[in-house]
Amino acid sequence: MVADQLRREVNGETVAYVVNRNINYTNVCTYKCTFCAFSKGKTHEDLRGAPYLIDFDEIIRRSEEAWSRGATEVCMQGGIHPDFTGETYVEICRAVKAAVPDMHVHAFSPLEVTQGAATLGIPVPRFLTNLKAAGLGTLPGTAAEILDDEVRATLCPDKINTQQWLDVVAAAHDLGMPTTATIMFGHMERPEHWARHLARLRAQQLASGGFTEFVPLPFVHMEAPLYRRGHARPGPTYREAVLMHAVARLVLHPVITNIQASWTKLGPEGASHVLNCGANDLGGTLMNESISKAAGAGHGQELRPERMEALIAAAGRIPQQRTTLYQPVPAERRQASFGAEPVQPVVNRPLRRLTGQPRL
């Protein structure tokens, strides 16, 4: 109730969402995060889905189709393919912006940024500058999981550590590139780790001021290796999910003012409920989503604007289509997003091998 009242004071009765498309360009990954059912490699061959790598033409096709359906953003992330370099990420940005100049490119986790910089032998700030020049607008705050190295030592031992994640987002903020912030909870961590995570995000926002929103992501356990081995619980309880949104609203006030409910993790009805527990945003329509689906989630392909707004209205709130940076969209974009043709089926062509030159 307290979080809901604070949300009302800060955001009013508006609930925002963005029309966007997720493009997960590869599920081949050299990292061994124990929670991940999306990446494919020698240790993940029994999990759902074949390894794939889409080419530039398909990235461009999906971006153009998204624009025709009213999108203002493409959100691009993927596994750390062994043949990717920093130049790969730069060229992905250039390809999208050349094809759809007005599309906002929201892409590359702090892990991808760190990896890209390392392959080129340049500092992260310089690599981010190159990405920005190529058209990158904002970074997703993924690869955060739990910002506590006690947990990361088991959850994602070969991934960037807490300070490295914070250093990447700080460098992006310093360059005028906003980022989101996330938490993945309900696996092997404890409440004190949630508290440390939130406190570190608050401290970072006070220092660099570039987080646009906070997104709690309940752990989807069904196909996750950590759960399959008996080392994680089956996601948070519903009460914990409600409390994470509410407590985040209180802890992060007034430095992060947007708390997003992830309908891909909570389901549309669950996300609608937490709108009364501190959340004021329902994220993106997505069009396609692969990561949650690979983990076993029953949601994630698309929540069209018509249904998004009906969901918001049913919760007694006022829907508003927004840009990535929380500005109202032009009337033309909104009009294009309603009554759009069904998205064409995507085909992720399987690889015959996990190494070799990528088809980018």
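The values are calculated or read from the model by the stated rules, or taken from the named source; none is laboratory data. Bear in mind that the values here come from a model prediction, so they are computed numbers and not experimental data. Positions of Cβ are generated from backbone atoms using ideal geometry, with glycine treated the same way; all protein chains shown enter the neighbour counts.
Are any residues in segment 64-106 of a type in the set (G, A, S) and either surrounded by fewer than 23 Cβ atoms within 10 Å (Cβ to Cβ) or touching a Ser or Thr at 6+ places or on another chain (Cβ under 8 Å) (or both), and if so, which ones?
First pass over segment 64-106, keeping only residues of a type in the set (G, A, S): 66, 68, 70-71, 78-79, 86, 95, 98-99.
Result: S68, G70, A71, G78, G79, G86, A95, A98, A99.
For segment 58-93, which positions are under 22 Å from T180 (Cα atoms), of a type outside the set (F, W, Y) and assigned to a helix (DSSP H, G or I)?
Once the filter is applied, which keeps residues that are under 22 Å from T180 (Cα atoms), of a type outside the set (F, W, Y) and assigned to a helix (DSSP H, G or I), segment 58-93 yields S63, A66, G86, V90, I92, C93.
Could you check, for segment 179-194, whether at least one of its residues is more than 22 Å from V74 (Cβ to Cβ), among the hydroxyl-bearing types (S, T, Y) and either modelled with pLDDT under 95 or crowded, with 19+ Cβ neighbours inside 10 Å (or both)? Even if it seems obvious, please write down each step before you answer.
Filtering segment 179-194 down to residues more than 22 Å from V74 (Cβ to Cβ) leaves 183-194.
Still in the list and also among the hydroxyl-bearing types (S, T, Y): none.
Looking through segment 179-194, none of the residues is more than 22 Å from V74 (Cβ to Cβ), among the hydroxyl-bearing types (S, T, Y) and either modelled with pLDDT under 95 or crowded, with 19+ Cβ neighbours inside 10 Å (or both).
Does segment 246-262 contain any residue that is modelled with pLDDT of 95 or more, surrounded by 22 or more Cβ atoms within 10 Å (Cβ to Cβ), over 19 Å from V18 (Cα atoms) and within 17 Å of the chain's Cα centre (by Cα)?
Checked segment 246-262: no residue is modelled with pLDDT of 95 or more, surrounded by 22 or more Cβ atoms within 10 Å (Cβ to Cβ), over 19 Å from V18 (Cα atoms) and within 17 Å of the chain's Cα centre (by Cα).
Do we have any residue at all in segment 162-178 that's more than 20 Å from the chain's Cα centre (by Cα) and not in a loop (DSSP other than H, G, I, E, B)?
Step one: list which residues in segment 162-178 are more than 20 Å from the chain's Cα centre (by Cα), which gives 174-175.
Subsequent filtering for residues that are not in a loop (DSSP other than H, G, I, E, B) retains 174.
Yes - at least one qualifying residue is present in segment 162-178.
For segment 149-165, what are the residues that are aliphatic (A, V, I, L, M) and free of Cβ contacts under 8 Å to residues at least 24 places away in the same chain? Break it down into steps so the answer makes sense when it comes.
Of all residues in segment 149-165, those aliphatic (A, V, I, L, M) come to 151, 153, 155, 160.
Correct list: A153 only.
Checking the condition hydroxyl-bearing (S, T, Y) and in a loop (DSSP other than H, G, I, E, B), which residue from T142, T119, T138 passes? If you could, list the steps in order and put the result at the bottom.
Working: T119 fails: in a loop (DSSP other than H, G, I, E, B); T138 fails: in a loop (DSSP other than H, G, I, E, B).
Exactly one residue qualifies, and that residue is T142.
Taking L275 as the residue in question, decide whether it is modelled with pLDDT of 95 or more, touching a helix residue (DSSP H, G or I) at 6+ places or on another chain (Cβ under 9 Å) and either acidic (D, E) or more than 27 Å from A203 (Cβ to Cβ) (or both). Walk me through how you get there before you give the answer.
On the way: modelled with pLDDT of 95 or more: yes; touching a helix residue (DSSP H, G or I) at 6+ places or on another chain (Cβ under 9 Å): yes; either acidic (D, E) or more than 27 Å from A203 (Cβ to Cβ) (or both): yes.
In short, yes.
Quick one: which residue in A99, A66 is in contact with a strand residue (DSSP E or B) (Cβ under 7 Å, 6 or more places away or on another chain), under 29 Å from R322 (Cβ atoms), aliphatic (A, V, I, L, M) and at pLDDT 95 or above? Don't jump to the end; show me each part of the working.
Working: A99 fails: in contact with a strand residue (DSSP E or B) (Cβ under 7 Å, 6 or more places away or on another chain).
Just a single option satisfies the conditions, and that option is A66.
Do we have any residue at all in segment 212-235 that's surrounded by fewer than 24 Cβ atoms within 10 Å (Cβ to Cβ), at pLDDT 95 or above, more than 14 Å from the chain's Cα centre (by Cα) and of a type outside the set (D, E, K, R)?
no
Check off (1) in contact with an Asp or Glu (Cβ under 7 Å, 6 or more places away or on another chain); (2) within 23 Å of G235 (Cα to Cα) for D158 and give me the number that stays unchecked.
(1)
Can you find even one residue in segment 330-346 that is within 24 Å of I256 (Cα to Cα), at pLDDT 95 or above, out of contact with any Lys or Arg (no Cβ under 7 Å at 6 or more places or on another chain) and not aromatic (F, W, Y)?
Applying the first criterion (within 24 Å of I256 (Cα to Cα)) to segment 330-346 yields none.
For segment 330-346, residues within 24 Å of I256 (Cα to Cα), at pLDDT 95 or above, out of contact with any Lys or Arg (no Cβ under 7 Å at 6 or more places or on another chain) and not aromatic (F, W, Y): absent.
Which residues, counting only those in segment 332-350, are closer than 25 Å to L275 by Cβ, surrounded by fewer than 17 Cβ atoms within 10 Å (Cβ to Cβ) and either touching a Ser or Thr at 6+ places or on another chain (Cβ under 9 Å) or hydrophobic (A, V, I, L, M, F, W, C) (or both)?
Within segment 332-350, F338 is the sole residue that qualifies.
Going by what's in this entry, would L155 be described as at pLDDT below 95 and either within 28 Å of N348 (Cα to Cα) or within 21 Å of the chain's Cα centre (by Cα) (or both)?
Values: at pLDDT below 95: yes; either within 28 Å of N348 (Cα to Cα) or within 21 Å of the chain's Cα centre (by Cα) (or both): yes.
When the stated conditions are applied, L155 passes them.
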